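What follows is a short report on a single structure.
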Amino acid sequence: MAKPINKVIDVAAWTGNWPFLKLRYTELPDLKAKLQSLNVQQAFVAPIEAILEQDPIRANKELLAATLDDDFFSPVLVVDLSYANWQENVELAVKDGRVRILKLLPNYHMYEVNEANLEPLVKLTMQHRLIISIQMRVEDRRGMYPLMMVEDLDVVRVVKTVSYFPDQLFILSNPATGELGQVLNSVDNLYVELASVEHADVLNLLKDTYGLNQVLFGSHAPFFIPEAEIAKLKYTDVTQEDVEQVAYANAERLLAWCKA
């Protein structure tokens with residue numbers, strides 16, 4: 001029997017256009033209508049254009065303006081640590097006051113995930129209580145444009161780097177099922193979201209193997225179909241309390257750190 005899903009916090013949505021694939025729900029009103037129809041009450045949304053543009057600041061500013069009068073969306077700004085002016089995007093987030101999550105895409109922006117590269121950012125995010133999301137992948141390699149093949153991040157390197165900053169909270173976005181053990185058996189300041197985790201009963205697998213304390217809901221919409229991600233919450237043998245923990249309670253606990 002399907003579990004009732006009355007409240008969801010989506011920590012991993014996107015808005016905008018992707019040049020290699022025609023996506024649905026790319027505009028904020030359409031994305032909002034779709035997610036609200038699935039009982040998502042809040043969505044953390046990042047700008048797709050910031051992935052490939054030379055400097056993400058234009059797309060970040062556009063996202064802040066577009067979400068200004070809509071409490072449903074919480075803007076997630078992209079920071080490219082390969083750029084000398086990356087601090088400007090952090091300053092933009094701090095000045096706006098609504099931003100809770102900054103997103104890194106090291107594989108697209110071509111820098112290593114290591115202590116030296118992240119330490120200057122972590123000093124700022126700790127000061128302003130901002131969560132760092134590290135994107136493992138945007139697309140499955142099998143669906144990538146042949147001239148735009150981007151390697152996935154090395155999860156072992158990510159976990160090792162995160163371990164250097166135990167007081168900073170991180171989200172690992174779009175990890176695959178086989179990568180979860182490296183995270184959930186190793187560090188407690190790195191949360192994972194479920195968009196690319198595949199199993200007949202995802203929540204039951206994770207509960208039995210690792211527990212659910214560091215597991216969040218992420219739709220990865222519009223790259224993924226939101227209904228398919230919500231199904232991971234609905235069709236499971238875990239308890240209703242477990243479902244609600246992943247659907248929103250863990251996210252609320254994570255976000256409370258930002259206000260502490």
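Results, tabulated for the structure shown:
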| quantity | calculated |
| --- | --- |
| Choice from 117, 89, 213 showing the highest fluctuation, given a GNM over the chain with Cα pairs closer than 10 Å | 117 |
| Value of relative contact order over the chain, rounded to a whole percent, pairs C-alpha under 8 Å and six or more apart | 22 |
| Estimated D of the chain in µm² per second, where Rh is the Kirkwood radius over Cα pairs and Stokes-Einstein applies at 10 °C, 1.306 mPa s | 87 |
| Accessible area of the chain divided out per residue, in Å², using a probe of 1.4 angstrom | 44 |
| Inter-probe distance in nm under a simple model that places probes 7 Å from Cα toward Cβ, at residue 22 and residue 39 | 3.4 |
| For the chain, with +1 on Lys and Arg beta carbons and -1 on Asp and Glu, the positive-most of 93, 48, 199 along the dipole | 93 |
| Under the Karplus curve 6.51 cos²θ - 1.76 cosθ + 1.60, θ = phi - 60°, whole-Hz ³J(HN,Hα) for the stretch 116-125, x wherever Gly or Pro sits | 5, 6, 8, 4, x, 5, 4, 4, 6, 5 |
| Taking the stretch 152-199 and dividing mean pair separation by its residue count, relative contact order in percent (alpha carbons under 8 Å, at least six apart) | 43 |
| Whole-number Å³ per residue for the convex hull built on Cα positions in the stretch 1-148 | 144 |
| Dipole magnitude of the stretch 1-141, debye to nearest 20 (Cβ charges: Lys/Arg +1, Asp/Glu -1, about Cα centre) | 540 |
| Residue 61 - accessible surface, heavy atoms, 1.4 Å probe, Å² rounded to 10 | 110 |
| Accessible area of the chain belonging to carbon and sulfur atoms, whole % at 1.4 Å probe | 50 |
| Per-residue SASA entry for residue 235, accessible area with 1.4 Å probe, Å² rounded to 10 | 130 |
| Normalised per residue, the volume of the convex hull around the Cα set of the stretch 1-87 (Å³) | 122 |
| Net lengthening on full extension, residue 156/residue 88 (0.36 nm per residue, minus Cα-Cα) | 21.5 nm |
| Where the Cα pairs of the stretch 131-235 fall when distances are cut into 10 Å bins, in % | 14, 47, 32, 7, 0 |
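The values are calculated or read from the model by the stated rules, or taken from the named source; none is laboratory data. What you are looking at is a predicted structure, and each value in this text was computed from that prediction instead of being measured. So basically every Cβ, Gly included, is an ideal-geometry build from the backbone, and we count neighbours across all protein chains shown. Accessible surface is based on the protein model in full, side chains and every heavy atom, while ligands, DNA and RNA are left aside. Shrake-Rupley method; radii C 1.70, N 1.55, O 1.52, S 1.80 Å.
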